[in-house]
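This report refers to the structure that appears directly beneath it.
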Amino acid sequence: MSVSVLDHHPLIRHKVAILRNKKTSMKEFRELIEEITLVMSYQAFQFLPTKTVIVETPLEKCEQQMIDEKTVAIVPILRAGLGMVNGVHKIFPNARVGHIGMYRDEETAIPHEYYCKLPNGIANMNVILLDPMLATGGSACDAISLLKKRGVTNIKFMAIIGCPEGVKKVTETHPDVDIFVATVDRELNSVNYILPGLGDAGDRLFGTK
């Protein structure tokens, strides 16, 4: 297990700063989520296995390395995770997509599953789980457990904003899962929102508040 914090990249720092701003419009917020995810995907995808193929150039044939497109799936945690899908698809458009629906109880902060639809053969795929916010870590841990129950053994988790509490919970509960996060914020507040954070990512993505 490893935790990769990617805020050393100036593009990520720049875009996260705009993402946090409460005056950032819904359209720009959605675009920024995609752009940050795209930059992060280069890091997350470097661990994917490749296969040797023969490519015919205009001059001759040669051996090249390619990712087996049928072995990659991305799984957003609904609903905010949907905002990250296009960012991955811009660099790897043939990745399969599954969906896991979870909501957080406003009083207990306990996540509850309400939907799950995964690609056929997902047990044999390299799965990248997507959620912009890694707060308590409850939803991430439950989604990872669900994937493992379906036989998935190669799972990576990608978030944009994390906090120490959430990172700690995921690493302790699922030490075999690599985590990629754009930045790790200071802490959770009394109602389990990340500080300084950016508010509710789902509401800001879809204009529901």
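List of remarks:
- Residue in the stretch 17-38 that is surrounded by 13 or more Cβ atoms within 10 Å (Cβ to Cβ), of a type outside the set (D, E, K, R) and part of a strand (DSSP E or B) present: no
- Selected residue [within 21 Å of GLU31 (Cα to Cα), at pLDDT 95 or above and touching a Ser or Thr at 6+ places or on another chain (Cβ under 7 Å)] from VAL88, VAL97: VAL88
- Filtering the stretch 106-122 for residues that are part of a helix (DSSP H, G or I) and of a type in the set (S, T, N, Q) leaves an empty set.
- Of the residues in the stretch 130-138, at least one is modelled with pLDDT under 95 and assigned to a helix (DSSP H, G or I).
- Some residue of the stretch 76-96 being over 16 Å from the mean Cα position of the chain (by Cα), in a loop (DSSP other than H, G, I, E, B) and surrounded by fewer than 10 Cβ atoms within 10 Å (Cβ to Cβ): yes
- Within the stretch 166-194, residues that are closer than 11 Å to VAL5 by Cβ and touching a residue at least 40 places away in the same chain (Cβ under 8 Å) have Cβ atoms under 9 Å from residues that are among the β-branched types (Val, Ile, Thr) and part of a loop (DSSP other than H, G, I, E, B) in no pair, counting only partners at least 6 apart in sequence or on another chain.
- Test result for VAL55, more than 23 Å from THR136 (Cα to Cα), surrounded by 15 or more Cβ atoms within 10 Å (Cβ to Cβ) and either aliphatic (A, V, I, L, M) or in contact (Cβ under 8 Å) with a residue 24 or more places away in the chain (or both): no
- Within the stretch 49-67, the residues that satisfy the criterion of being touching an Asp or Glu at 6+ places or on another chain (Cβ under 9 Å) and in a strand (DSSP E or B) are THR50, LYS51, THR52, VAL53, ILE54, VAL55, CYS62.
- Just one residue in the set ILE179, ILE155, ILE122 is of a type in the set (A, V, I, L, M, F, W, C), surrounded by 21 or more Cβ atoms within 10 Å (Cβ to Cβ) and at pLDDT 95 or above; that residue is ILE179.
- Set side by side, the residues LEU134, LEU188 differ, and just one is surrounded by fewer than 24 Cβ atoms within 10 Å (Cβ to Cβ) and in contact with a helix residue (DSSP H, G or I) (Cβ under 6 Å, 6 or more places away or on another chain), which is LEU188.
- Lone unmet requirement of (1) in contact with a Cys (Cβ under 9 Å, 6 or more places away or on another chain); (2) under 24 Å from ARG30 (Cβ atoms); (3) aliphatic (A, V, I, L, M) for VAL170: (2)
- If the condition is being in contact with a Leu (Cβ under 8 Å, 6 or more places away or on another chain) and touching a residue at least 40 places away in the same chain (Cβ under 8 Å), then the stretch 1-15 contributes only ILE12.
- Annotation: GLU165 fulfils all but one of (1) more than 24 Å from ILE12 (Cβ to Cβ); (2) touching a Leu at 6+ places or on another chain (Cβ under 9 Å); the unmet one is (1).
The values are calculated or read from the model by the stated rules, or taken from the named source; none is laboratory data. The shown structure was predicted, so the numbers you read here are calculated from the model rather than taken from an experiment. Virtual Cβ from ideal backbone geometry, glycine too; neighbours counted across all protein chains shown.
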